[in-house]
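Input: a single structure, listed below in structure tokens.
The values are calculated or read from the model by the stated rules, or taken from the named source; none is laboratory data. Since the structure is predicted, the reported quantities are computational estimates derived from the model, not experimental observations. Cβ: placed from backbone, ideal geometry, glycine included. Neighbour counts: every protein chain shown.
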């Protein structure tokens, strides 16, 4: 007792600015929060949201057709232009492609994520993460050009089909109207394949994270109550993984809608929204139309998220 | 008597670990059967074998006379109340309870009616619209019970059903479970590591250790006539006397057990049986549990309230009826 009595009840501050700040932050946690958030939040508000607002503003301007100059007056004329057949074509094409890519990514990602979340352990789990992440470490452009070579008429895919005497399959696929073409690298199928490849990790990771949070005994409980595997999937696993799928689809959907490089390198020469924006703000100099086109994906994503929420996609969160 | 569950030399090995090792077991229809043992003793694996979550490595399991090996859980008329309840977080309480009927294709209004009735049975009427996250631990437990019972299983398995509840609630649930079991007449098999719970609730208890059943019998048998040192120690924390000490008291060199409540402190050396030294005293209210040391061994006894409790370190004389000494089967 007496030996302990010599040590003071409250140790003095070690002094110095750092120690005083530490004490201050401990007493006022809000101050710490503000200090930590000021810079990133400031960046977000001024640079990011600010530029988005400017973009929104620009989309309500229009261009004077005679002079080619932007008229800074509020008008809905530019939005009206979105509904001209050629622009509507671009929007519908992009929307269909994004939906197809998202669906394909979800279908491919689910079994992979399910395996990783429920069966892979230790070494296999590390291998899974490596396998999913590795493609993200190499340059996007390199990957896209690599696919151009793979899908080209003289490419390895054609060669494989020839060797397997399955050329007729490839020809049948390419002769499909609309999505076919002269070779895979100049068809919608090619664009679709590359989109799926490039965005797949963005679907796998959130789905895997969602499945990881599903306790194993819920699956056992479902079986115990009489549900076979299909019923357990439909009633337990899928609803609980849905927030992950929706999160992944936000990535795949919006990334596909905004991309302007893949459809330019691989695919038919018909435009997607990203390319249209690029063309309008560059060579055409039609900033208002470019801005209005940019607002389209934002609106679509908003509608999509609202619908997902209304349908209960986030109930399991 | 119909046999509800029968194990014939059942083993379940995980690699080199023998979780369940050559277990023979018969549980009668309508019985309230407890599987008691420390963690890792194989009791939960036995339960999972009955539910169908595990398949035996060898041996055979029969449920109401039908072979259970290779039969998936969803085709067994057996339901489980899981340790942490395993309620579906995305479904309402009513949909949770109706789940079993839903997957069996029972029409919606009929299954919701049955689920309402089941909720009323576990004293949660009108809770159907809530989500499991809005319930307390005790309420979730009741929902899990209703969810299992609504399927009218022939065998109900309960895996440490009361483990997560506080003492008061646990005692209340023990009573309710017992009443429910008697009124429904369903075979209840429950797993617990709490010997008090097993003894007070079950018609019959099987004590597990190292993947084997060490002893099975009525609570009175298991408590009063333990077969081995393990059972004596695990069920009711009996004093286990070494062969040397037993010989000193009874003249026979065998392992024996002695219930603490049969040991008291004698006033004088003449009325005592064994000389011991006080180690510690634990005040329990109506009694005080005293721990003493005799012949290098701990022996616990009981002092009634109002009696003086000697200081630690002082010499005491232990008194007990020599006939209360119960000989064990372990080899000396």
Residue A:175 is checked against (1) touching a helix residue (DSSP H, G or I) at 6+ places or on another chain (Cβ under 7 Å); (2) without any contact (Cβ under 8 Å) to a residue 40 or more places away in the chain; (3) farther than 22 Å from residue A:257 by Cβ and fails just one. What number does that condition carry?
(1)
Just for segment B:141-155: of the residues that are out of contact with any helix residue (DSSP H, G or I) (no Cβ under 6 Å at 6 or more places or on another chain) and not in a helix (DSSP H, G or I), which one is farthest from residue B:5 (Cα to Cα)?
B:152
Would you confirm whether or not segment B:95-104 contains a residue that is more than 27 Å from the chain's Cα centre (by Cα) and surrounded by fewer than 18 Cβ atoms within 10 Å (Cβ to Cβ)?
yes
Scanning segment A:64-91 residue by residue, those in contact (Cβ under 8 Å) with a residue 24 or more places away in the chain and either exposed (fewer than 10 other Cβ atoms within 10 Å of the Cβ) or not in a helix (DSSP H, G or I) (or both) turn out to be A:68, A:70, A:82
Just name the residue that is farthest from residue B:77 (Cα to Cα) out of those in segment B:109-140 that are within 14 Å of chain A (Cβ to nearest Cβ) and assigned to a helix (DSSP H, G or I).
B:134
Evaluate the following for residue A:19: is it modelled with pLDDT under 90, in contact with a helix residue (DSSP H, G or I) (Cβ under 6 Å, 6 or more places away or on another chain) and farther than 30 Å from residue A:303 by Cβ?
no
Yes or no: segment B:156-173 includes at least one residue that is farther than 28 Å from residue B:38 by Cβ and either outside any helix (DSSP H, G or I) or within 12 Å of chain A (Cβ to nearest Cβ) (or both).
no
Residues within segment B:254-274 that are over 24 Å from residue B:224 (Cα atoms) and surrounded by 14 or more Cβ atoms within 10 Å (Cβ to Cβ), tallied:
0
When the residues of segment A:238-253 are filtered to those that are under 30 Å from residue B:157 (Cβ atoms) and touching a residue at least 60 places away in the same chain (Cβ under 8 Å), which remaining residue is surrounded by the most Cβ atoms within 10 Å (Cβ to Cβ)?
A:241
Could you check, for segment B:186-205, whether at least one of its residues is touching a residue at least 40 places away in the same chain (Cβ under 8 Å) and on the phi > 0 side of the Ramachandran plot?
no
Of everything in segment B:81-102 that's at the interface with chain A (Cβ under 9 Å from one of its Cβ atoms) and assigned to a helix (DSSP H, G or I), which residue is farthest from residue B:187 (Cα to Cα)?
B:102
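Residue by residue, here is whether (1) modelled with pLDDT of 95 or more; (2) surrounded by fewer than 22 Cβ atoms within 10 Å (Cβ to Cβ) holds:
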| site | (1), (2) |
| --- | --- |
| B:30 | no, yes |
| B:33 | yes, no |
| B:39 | no, yes |
| B:42 | no, no |
| B:54 | no, yes |
| B:67 | no, yes |
| B:70 | no, yes |
| B:74 | no, yes |
| B:77 | no, yes |
Among the numbered criteria (1) modelled with pLDDT of 90 or more; (2) within 17 Å of the chain's Cα centre (by Cα); (3) over 30 Å from residue B:254 (Cα atoms), which one does residue B:193 miss?
(3)
Tell me which residues, restricted to segment A:129-149, are without any contact (Cβ under 8 Å) to a residue 24 or more places away in the chain and either part of a helix (DSSP H, G or I) or closer than 15 Å to residue A:186 by Cα (or both).
A:129, A:130, A:131, A:134, A:137, A:142, A:146, A:149
